[in-house]
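Report on the structure given below.
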Amino acid sequence: GDSAINPGASEVCDGVDNDCDGSVDETGCPCNVKSYGGKSYLFCTSGQSWTNASATCASYGYHLLDVQNAAENSWADSTADTYSTGKWWIGLNDRASEGTWAWDGGAAVTYTNWHSGEPNNSGNEDCVQFNRFHPSQTWNDEGCGQALPYICEN
């Protein structure tokens with residue numbers, strides 16, 4: 001029903017298959033686009049603070065990664081490793097209320113993969129990244145102001 005979405009349309013980075021070719025955002029995105037489980041993911045290697053990364057994802061119709069199960073965690077971590085084995089922001093945070101974890105995209109928190117001893121809120125750590133303990137695929141809470149690569153999903 002949207003006249004801007006048709007086989008002759010140009011693909012833009014917005015989480016939509018604008019040109020009806022069966023692929024979402026295959027061109028036009030500033031980050032590396034990958035697909036998994038029927039979703040599109042942006043692997044953005046330029047470092048940003050967690051809040052800026054969240055805003056950037058939102059500007060493209062995405063949100064920071066909300067990991068729903070071990071298979072998605074393993075895929076996302078392994079895919080991120082193809083670009084960098086350093087830390088990557090994901091969408092989990094407790095910015096609104098200490099110790100109450102929430103996903104950036106609003107999904108329910110039904111899966112976590114904390115590294116042993118985490119989260120520890122050492123120095124007011126309210127945002128979550130993975131790959132600190134590479135290659136364990138576990139998570140760590142981190143200060144939100146660090147400039148890290150990040151993963152968006154739609």
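Calculated accessible area for the chain comes out at 45 Å² per residue, all protein chains present (probe 1.4 Å; ligands, DNA, RNA ignored).
Computed from the Cα positions only, the extents of the chain along the three principal axes stand at 52, 30, 27 Å, in decreasing order. Counting only alpha carbon atoms, the long axis of helix 70-81 and the longest principal axis of the chain meet at about 80°. Each peptide among 16-22, 142-148, 89-95, 39-45 gets the average number of other Cβ atoms lying within 10 Å of its residues, and from highest to lowest they stand as 89-95, 39-45, 142-148, 16-22. Other residues whose C-beta falls under 9 angstrom from the C-beta of Cys57 contribute a net charge of -2, scoring Lys and Arg +1 and Asp and Glu -1. On the chain, 47 percent of the accessible area sits on carbon and sulfur atoms, based on a 1.4 Å probe. Based on C-alpha pairs under 8 angstrom that are at least 6 apart in sequence, the chain has a relative contact order of 27 percent.
In the chain, the longest principal axis of the Cα atoms and the axis of helix 50-59 are about 10 degrees apart. Among beta bridges from DSSP that stay inside the chain, the antiparallel ones total about 90%.
The values are calculated or read from the model by the stated rules, or taken from the named source; none is laboratory data. Quick caveat, the model's predicted, so the values are computed rather than measured. Reconstructed Cβ throughout: ideal geometry from the backbone, glycine too, with neighbour counts over all protein chains shown. Surface areas here come from the heavy atoms of the whole protein model, side chains and all, with no ligands, DNA or RNA. Shrake-Rupley method; radii C 1.70, N 1.55, O 1.52, S 1.80 Å.
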